[in-house]
Amino acid sequence: MEILKPAAAGTLESSDAQVTVEPGDGKIELSLSSSVMNQYGRQIRDTVLETLDRLGVTSAKVSVVDKGALDCTLKARVECAVFRSMDASDKNIPWGGAVR
Amino acid sequence: MIPRPRPERFRLRRTMMFMNAQKPGLIKDAYIYGCDSIMLDLEDAVAENQKDAARFSLYHALKTIDYGDTEVIVRINGLDTPHWQEDIRVCVAGGADGIRIAKCESAQDVRTVEAAVEAAEKEFGVEVGRTLLMAALESPKGILNAYEICSASERMFGVAISGGDFRKCMQTTPQRDGIDMLAARGQMLLAARAAGIQCFDTVFTNLDDNEGFEAEVLQNKAMGFDGKSLINPKQIRFVHQVFAPTAKEIVQAERILRAYREQSAAGVGVFTVDGKMIDIAFIPGAERTLRLARACGMYEGDLV
Amino acid sequence: MKNYVGREIPDYLLVNGKEVYQGKNYMDGKYLQKASPKTRRYEKPQESKIVASLADALRHCGAKSGMTFSFHHHLRDGDFVVNMVMKAAIEELGLEDLTIAATSLGAAHDPIADYIEQGKVVGIQTSGIRGRMGEVVSAGKLKTPAIIRSHGGRPRAIEGGEVHIDIAFVAAPTSDCVGNCRGIGGKSNCGSMGYAMTDAKYADHVVVVTDCLVDFPNMPASVEAIDVDAVVVVDSIGNPKKIASAAARISQNPRDLMMAENVAKVIAATPYFKDGFSFQTGVGGPSLAANLFLEQYMDERGIKMGWAIGGICGPMVELLKKGKVGKVIDVQDFDLDAVNSIHQTPNHFEMSASQYANPANKGAFVNKLDFVVLAALEIDTGFNVNVLTGSDGVLRGAPGGHPDTAAGSKCCIIVTPLIRGRMATVCEHVVTVTTPGDCVDVLVTDYGIAVNPLRQDLIECLDNAGIHHVPIETLKEKAYSLVGRPDDLQWEDKVVAVLEARDGTILDVVRKIHPYTLD
């Protein structure tokens, strides 16, 4: 999937994460901040990168501001931002396919 | 990934607690409060521009979180919105136990949803017929068509009235004695019982008015409702208390079931328990009482 | 050397008779030589002890570099006095190498972080440390390791001479011209002044700082003129809004209420729950809400609470006024209801920190306590509790009376949600042990209850009452299944804080946190 325009999903509330994606220049550039960085920074990064990989996103600038979100929330926010960037978040989502 | 067992069409549903499907902090463990069903809401609780985000949250919550014995129902957006088809796809793909049809007005509405559910079950390789349905009646038309709605599908397990919208249509407001919705509640109960499905009352929204809440729950029980929709976990305990069977009812149900099993093994159809004539018609009621008693922590036997 | 709770304590800290923690009641029966202060004689009658400024008071008391100044924390987040005094000492008198020995420090004291970074403040001894000060200490910028003590450990250390206070500063809501102080009757009221009492008795010099001078004699006094060298009148000792909140309301959060209800259920299942029982609770959401449910059980059984202690707030005062608790003995007040009640409501008394919790005296109140309900940042499978360091290893909390009440009480209940955001509260190893597991009896979470296996008697009580409980390992696994297993924090060798157990042995150390990088 190709990031066509900047898009965001999620909030800065506790237990949530705000994810922003922008068109990239051929690679994934991830900026990550988290309220639980010391204990979960690595796992959060892995979850975000795996989610992007499943969606076939190979070029994007991604920013994640994490407020203690669980993995399932992180995935949901990344996916929503990516689909929004292609104006494709409203219907025919590949549930159980690229989204899983 | 958490596999959920096949949903039971008829199970204990004293309390159904609404939760905004968009709020990660809420949906991650709503089951800890011990309600019978949780109602993840894609409709009114979710802002129009967050419907998409709520679906992604919902999908992963359904796939990741172990809700245990708590039933998971999703309230989808109305059939007059652009959202309901994708709502159904995500519910079925995620493996929700049931779908609540908002603003249902006719049997056709149920059939429309059922067709979309079946298509989604085929699309996602889910057993056809697995996903249950319930309808929320929110308008006078819905109430008048209650029976056709209740009997529109084998997937239908229950029907609920939604007080907010209904009272607006009727140009009334919540009244202490329930007179504002008396006719509608009665009509809906009649229809549900005639169709053999369950019936649930609306939410009580004034969290500071405990007395009013308790009066309404007692009336619900007296009218014959199976349960009630809730907006706050602190409402659960009282409903469970009111809907619990009495010790006497439990003892009687046990006797009936024991006697029935002994007698039917011996080929007898009609018999007496404590001087009262009993036949097979009493059995579902007695079983329901014991199941309820078990859920309330009042029965530890093995008859149900 | 490894201590009783499995923490590695560096040998270089074990000098001058310092030992590692050996389990509770280890010091029982041993003797302590009390230290006595060197105080100035005021034989010639004085009309007044009022001096013009803090600088004058410091000079009057012979303040010089290298001294230890003490403070008390009744003004909480509204306190102005610590910052005012340190500013006068450092910026007007040019002092350095100072040590602050405070009963607690909080967000109000962020400016002190600058003095730490400048090397003017070289030592901190406190129960609580938060905000910027916690950050700079954690970053290793304080010259000597901070010493963290419980509220009972501090008077023990003072009385035993481990802390020698050169000048104690008493923030007084009211004082007369010779230094009789009270916590009420002024414009910045705090109620009880219990934590200032030991300081005033054991310091070489005592300076009273007040913003409300009242007629002599200000009686009955919490800190007495016989211990006071000088009185300074300032415009304001603190921000009343932050000293005492309007009224501590019982939480409406359903999670808190559910846990509180289970706490009351556990209490009611023990043999200590009988007429005349004693109780302390924290002011956190679920701890405070336990009051509400406990009252229901008391009514049901027709029993009353004999006495309650602790930091006090409105709901406990309410019980006192309703006659459901016999006496309230108060070391600190958390809200205006409590501030306005102490010394006014019959049977609402003030006590000193030593009377409250000191393990080395001959009968602190905590030792007679039946129940205490406490919160935790973390609790591990050994029931060790951390209320000091965050999940990032930074100092941002306070043991307070936690270790004292846990050790003294017959039944110590910790109540906490299983996870907070993505933090597992119930975990394998707490970051820092602040209350040792041998003092903690029951854990109540939103996902279930666990009982310390050391307390088979309580396990039996819960079983008899039909209260479901699980091994604490089950709760830890549940927590990790939700949030994932955390990576270990990365530490450097440098010790930034030493955590003393209440008896003075070393319970744990906090090291400098290694800056986190993703790769």
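A few remarks follow.
- Summed over region C:55-75, the residues that are surrounded by 22 or more Cβ atoms within 10 Å (Cβ to Cβ), within 27 Å of the chain's Cα centre (by Cα) and either of a type in the set (A, V, I, L, M, F, W, C) or farther than 22 Å from C:Gly179 by Cβ (or both) give a count of 3.
- Selection within region B:146-187 - under 11 Å from B:Ala135 (Cα atoms) and at pLDDT below 95: B:Ser162
- Of all the residues in region B:9-56, those that are free of Cβ contacts under 8 Å to residues at least 60 places away in the same chain and either farther than 23 Å from B:Ser162 by Cβ or not small (Gly, Ala, Ser) (or both) number 27.
- Taking (1) closer than 30 Å to C:Met258 by Cβ; (2) touching a strand residue (DSSP E or B) at 6+ places or on another chain (Cβ under 6 Å); (3) away from chain A (no Cβ under 14 Å); (4) crowded, with 24+ Cβ neighbours inside 10 Å in turn, C:Val430 satisfies each apart from (3).
- Among (1) under 25 Å from C:Ile147 (Cα atoms); (2) touching a residue at least 40 places away in the same chain (Cβ under 8 Å); (3) not assigned by TED's automatic domain parsing to the domain that holds C:Val206, the one test that C:Arg40 misses: (1)
- Qualifying residues in region A:2-50 (those that are assigned to a loop (DSSP other than H, G, I, E, B) and within 13 Å of the chain's Cα centre (by Cα)) - the one nearest to the other protein chains (Cβ to nearest Cβ): A:Asp16
- Checking each residue in region B:63-119 for being closer than 20 Å to B:Glu154 by Cβ, within 14 Å of another protein chain (Cβ to nearest Cβ), surrounded by fewer than 23 Cβ atoms within 10 Å (Cβ to Cβ) and within 18 Å of the chain's Cα centre (by Cα) picks out only B:Gly95.
- Of all positions in region B:232-246, none carries a residue that is among the charged types (D, E, K, R), in contact (Cβ under 8 Å) with a residue 12 or more places away in the chain and more than 30 Å from B:Ser139 (Cα to Cα).
- Of all residues making up region C:134-193, the number that are among the β-branched types (Val, Ile, Thr) and not in a loop (DSSP other than H, G, I, E, B): 8
- Subset of region A:51-86 (residues that are of a type in the set (Val, Ile, Thr) and either more than 11 Å from every other protein chain (Cβ to nearest Cβ) or closer than 17 Å to B:Pro24 by Cα (or both)): A:Val57, A:Thr58, A:Val62, A:Val64, A:Val65, A:Thr73, A:Val78
- Any hit, region C:480-491, residues being buried (at least 19 other Cβ atoms within 10 Å of the Cβ), away from chain A (no Cβ under 14 Å) and either hydrophobic (A, V, I, L, M, F, W, C) or part of a helix (DSSP H, G or I) (or both): no
- Test: residue in region B:88-104 that is assigned to a helix (DSSP H, G or I), in contact with a Cys (Cβ under 8 Å, 6 or more places away or on another chain) and not acidic (Asp, Glu): no
- Where a residue in region A:87-100 is more than 7 Å from chain B (Cβ to nearest Cβ) and at negative phi and its partner, wherever it lies, is assigned to a loop (DSSP other than H, G, I, E, B) and surrounded by 14 or more Cβ atoms within 10 Å (Cβ to Cβ), with Cβ under 7 Å and at least six apart: A:Ala98/A:Leu55
- Filtered residue count, region C:272-329, keeping only those that are among the β-branched types (Val, Ile, Thr) and under 20 Å from C:His402 (Cα atoms): 6
- Inside region B:21-45, residues that are buried (at least 24 other Cβ atoms within 10 Å of the Cβ), within 14 Å of chain A (Cβ to nearest Cβ) and either acidic (Asp, Glu) or under 17 Å from A:Ala9 (Cβ atoms) (or both) make up a count of 5.
- So B:Arg291, is it among the basic types (Lys, Arg), touching a residue at least 24 places away in the same chain (Cβ under 8 Å) and away from chain C (no Cβ under 14 Å): yes
- Members of region C:222-265 found to be within 14 Å of chain B (Cβ to nearest Cβ) and of a type in the set (Asp, Glu), listed by number: C:Asp256, C:Glu261
- Subset tally (residues that are among the basic types (Lys, Arg) and within 25 Å of C:Glu162 (Cβ to Cβ)) for region C:469-510: 2
- Restricting region C:162-210 to residues that are basic (Lys, Arg) and over 20 Å from the mean Cα position of the chain (by Cα), the residue that is surrounded by the fewest Cβ atoms within 10 Å (Cβ to Cβ) is C:Lys187.
- Scanning region B:167-211 for residues that are crowded, with 22+ Cβ neighbours inside 10 Å and out of contact with any helix residue (DSSP H, G or I) (no Cβ under 8 Å at 6 or more places or on another chain) gives a single hit, B:Phe200.
The values are calculated or read from the model by the stated rules, or taken from the named source; none is laboratory data. Bear in mind that the values here come from a model prediction, so they are computed numbers and not experimental data. As a convention, Cβ positions derive from the backbone with ideal geometry for all residues, glycine included, and neighbour counts pool all protein chains shown.
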